[in-house]
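Undergrad: Dropping the structure in here first, questions after.
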Amino acid sequence: MSNDKPWLFKPGQSGNPSGLPANATKFRRITEKTVKATAWKEIVIKAVDQARHGDAKAREWLSDRIMGKVSQFMDVTSGNEPINFGLDKLSDEELTKIGEIVESTIERNDQK
């Protein structure tokens, strides 16, 4: 069977086979070695103070680090029309399994 869409990933093929860029982990290591806990504490205290005084960037920086960055939704498939996933065609067993997966994902994220 030939693949008429060669840009699509093949089953079992990672979308990011190299993982994080080498520079990302190197930057983190350097930052951890050069910025000590007391300096981070000062940075956070300053950001909190700035956020309290209306600095939107400071609020964003703090919330990104406390709660994680917000995912941005972009509709690229439906032209703003509802997408029918065909959930009505799934069996009760399949719907239960999907529910278990969703609950498990939520629990894992809550533990982070």
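Read-outs: derived from the displayed coordinates by stated rules, not from any lab. Every value quoted in this text rests on a predicted model; they were computed, and no experiment measured them. Positions of Cβ are generated from backbone atoms using ideal geometry, with glycine treated the same way; all protein chains shown enter the neighbour counts.
Undergrad: Calculate, for Asn23 and Asp64, the FRET efficiency according to 1/(1 + (r/R0)^6) with r their C-beta to C-beta distance and R0 22 Å; round to the nearest 0.05.
TA: Details: r = 20 Å, r/R0 = 0.93.
For R0 = 22 Å, the calculated efficiency reads 0.60.
Undergrad: Between Ala39 and Asp92, what length comes free when the chain is fully extended (0.36 nm per residue of separation minus the Cα-Cα distance, one decimal in nm)? Don't skip to the answer; put the middle values down first.
TA: On the way: separation 53, 0.36 × 53 = 19.08 nm, distance 5.42 nm.
Length gained, Ala39 through Asp92: 13.7 nm.
Undergrad: Residue by residue through region 40-51, which ³J(HN,Hα) values in whole Hz follow from phi under the Karplus form 6.51 cos²θ - 1.76 cosθ + 1.60 (θ = phi - 60°), with glycine and proline marked x?
TA: 3J(HN,Hα) across region 40-51, in whole Hz: 4, 4, 4, 4, 5, 4, 4, 5, 4, 4, 5, 4.
Undergrad: Among His53, Thr25, Val70, flag the residue with its Cα farthest along the positive direction of the charge dipole of region 21-76, charges on Cβ as +1 for Lys/Arg and -1 for Asp/Glu.
TA: Looking along the dipole axis, the top candidate is Thr25.
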